[in-house]
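What follows is calculated from the coordinates using simple rules that are stated; it is not laboratory data. Computed from a predicted structure; not experimentally measured. Counting neighbours? That spans all protein chains shown, and the Cβs are built from the backbone with ideal geometry, glycine included.
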């Protein structure tokens, strides 16, 4: 296996872990977790096209180059204008190349809330009972790599019965003057009945080359409610590998809204939700608008493990130019998960002359008293609808914009935050290539 | 449903798998093991020309280099390719020219299976049968009558001898030797099969049918079917299979190639009832088959219909390559699994030509502790303007220990493609059963009725004689799964 992966990044990482790190001396208890994870990564190497989950997504061009493994200028200045959402007042937390920058961030004054860099979170009392306990169970080699070599990231803990006064906006900035490989690690824990809205924006500065391998673990305890947004607006040269692992307890609600827009040339999102208790509800929504040579790959897993849970997933892809959009939605219903309701829908608009869409909505069901369905469609602009609009004096360009909005509406109308919705609508409009 | 169908459940409560008998007949069986010698032995036995032997040997080389795939949704059983005999045939007798010369034991066997080989006895004469017993074709009926129309319907071995040019021209063009490991194995050791050629503009006057029977122990069955429909012709082809009950697993690795030229249409129906193994999952046939058709000419059509109730593991994806403009591919399937059976089946539609259309309707029914998967691929190539696909795959679960899975792959590379896919999974509605039982239909029959209704869309695609057979088969197979 190892011999197949001859890419320079792999060797660079192995050398870094085995030669440089021991000098620095990572402290226990994370030291042994890192070591164990690295052994797993070393064994598997980077994913290749031969792996079912990476069938359409070729990592080779990304990992066949040399990267800096840490930021050359830790305190650099950054511009975060691009992440501003009009009319929305938030607690702003800024991460530059994965590192939490207190100097650029707001302080959350709500009681019962802890926000700190992940390396400072280790001393928090619950940290070790959650860290690397969920995402590492998957066989994604990139998670193992992140666990082994993560640097930076956030730890957020929201206490029992706390409802955050404002939304938290986490701004991930990629900025560097030479190619950099960032590996942030996040852990968000919501205690019983806590409620929050977390908006994560991904932007880049200076057209810098970066590869960002981020892993986030989210724990929702009984009755916790989380609205979670991903807004991907970075530049072409920033590439993203995001893995999100959600563990939910009884009566909790997790809503994920995953939006990608023209820009970053390579985005791979893994969003895995484990419904590990009864009466859990999860919603996954996605809007992906791709242009030029972009590749956006969304892989989701909804894992029903206990009875009486409900999940709802709806992803919309719009592929323009020569871009590629990939969707893979897995729904598992384990033997114990009777009375499950699982719904999944994937709709695609293939607009670009050379655009590709690959989709695989997948169901694996081991229980009989369930209601599961999935649907998938692929099509283009409806000529009749275009004609209808044009006949009523709407110009071609505006008609197309209108139709794309209508297409995305099923998903955007579900957004809990109207400001984010307006922001996303405007990004869709801006991202459309209308000729 | 006819009254005949209504009696089925009782009728078969006694018999679990009624085709489980063995035939005591003198057999010519090759030694176990796979090597160049084996391939040469088979080729020599069949008196094959040099080019075919070379073709086989090339396939064997590929086979030896290939490894087992890992993507399938079940644990691939360990198959010891050296522990299988690759050739078994009823002892060679002088060439049979009339019915009297066929071994009466054999005739008996096929009569028991309900396959009349005696032409005189079939009055209507709507079906011509090629009976394949273990590795070789025993008898093809109605050959003379078909010849009047120019239709060639014979065993593969005869075709190689009598129509070498046709065979050479089309063999391996749809499923190359290198396609997958079992296709390579088949190419190396295939023993017989059927060959059909429908000449230009001919509408084949009767249904053609092959009946496969595994009898010998420790053998595998590797047959090859090649159907060529020339311009403007039409043929409907049926395939049925059974095997005796044995404790060990037997391998069936067949290859079916269909070629439809301009304006031609091929309809291929399968009712697969290999021995599924006993209640504990012991024994049964591994049914690893490669089936693929190509719509080579414009306006051609290939339609697959399958009813899969047997085999301990069914693993196949009948596919259509839609190369000709305006060509049409269809796939209708009912797969029923119970006890420890596994089915990983579905279809692949490759859209290459312009205005190509395809339709996939797959109905899975799982009972007991069985696992039933639909895996399908719809691929729209760059030049496939205005391609259209509709896919529907439904799963029905009977009992809480079985599984139903769907793995649809959809790949679109042309912006004029229109695709739809939908899938549902549910259990048999309690209110439906209640409604029927309340009207005096016992629960078991009620389930049979509901399942038949659920599968109707597919069963309707079968030629009439087969549709009745398939309905019965579904009812029988459901026996005892309602508790």
Gain in length, residue A:109 to residue A:58, computed as 0.36 nm per residue apart minus the alpha-carbon separation, to one decimal in nm?
14.0 nm
Estimated inter-spin distance, residue A:371 and residue A:82, nm [label 7 Å along Cα→Cβ]
4.4 nm
Give the average, rounded to an integer, of partner chain Cβ atoms located within 10 angstrom of each Cβ in B:225-232.
0
How large is log10 of I(q)/I(0) for the protein assembly as shown at q = 0.06, 0.09, 0.10 Å⁻¹ when the intensity is taken from the Debye formula with one equal scatterer per alpha-carbon?
-0.48, -0.99, -1.15
How big is the gap, in Å, between the Cα center of region B:167-203 and the Cα center of region A:245-282?
48 Å
So in chain A, what percent of DSSP beta bridges are antiparallel if you round to the nearest 5?
5 percent
Compute the distance from the alpha-carbon center of region B:317-348 to that of region A:358-435, in whole Å.
31 Å
Using label points projected 7 Å from each Cα along Cα→Cβ, tell me how many nm separate residue A:308 and residue A:89, to one decimal.
4.0 nm
Note down the Stokes-Einstein diffusion coefficient of chain A in µm²/s, whole number, using a Kirkwood radius over alpha carbon pairs, 25 °C, and 0.890 mPa s.
110 µm²/s
Calculate, in nm to one decimal, what residue A:206 and residue A:163 gain on full extension: separation in residues at 0.36 nm each, minus their alpha carbon distance.
11.8 nm
Fewest-first ranking of B:402, A:372, using other Cβ atoms within 10 Å as the exposure measure:
A:372, B:402
Chain A, relative contact order in percent, only Cα pairs under 8 angstrom and at least six apart counted:
10 percent
Work out, step by step, the length gained on full extension between residue B:203 and residue B:468: first 0.36 nm times the residue separation, then minus their alpha carbon distance; give nm to one decimal.
93.0 nm
I need the peptides B:322-335, A:261-274 ranked by packing, meaning the mean over residues of other C-beta atoms within 10 angstrom, with the highest value on top.
B:322-335, A:261-274
Peptides B:147-154, B:385-392, B:352-359: what's the order by average Cβ count within 10 Å, highest mean first?
B:352-359, B:385-392, B:147-154
When only Cα pairs under 8 Å and 6 or more residues apart are kept, what is the percent relative contact order across region A:122-273?
21 percent
Rounded to whole Å and sorted largest first, list the principal axis extents of the Cα atoms in region B:260-348.
49, 15, 13
Neighbouring partner chain Cβ atoms per residue of A:377-387, average, 10 Å criterion
3
Any number yet on Rg/Rh for region A:346-388, C-alpha, Kirkwood?
1.18
Using a basic spin-label model with each label point 7 Å from the Cα along Cα→Cβ, how many nm lie between residue A:433 and residue A:410?
2.5 nm
Let me know the mean shielding of A:326-339 by other chains, meaning the per-residue number of their Cβ atoms within 10 Å of its Cβ.
1
State the Cα centre-to-centre distance between region A:65-135 and region B:418-442 in whole Å.
52 Å
Considering only the protein assembly as shown, percent of DSSP beta bridges that pair antiparallel, nearest 5:
10 percent
Pop the C-beta distance of residue B:41 and residue B:144 into the FRET formula with R0 = 22 Å and round what comes out to the nearest 0.05.
0.10
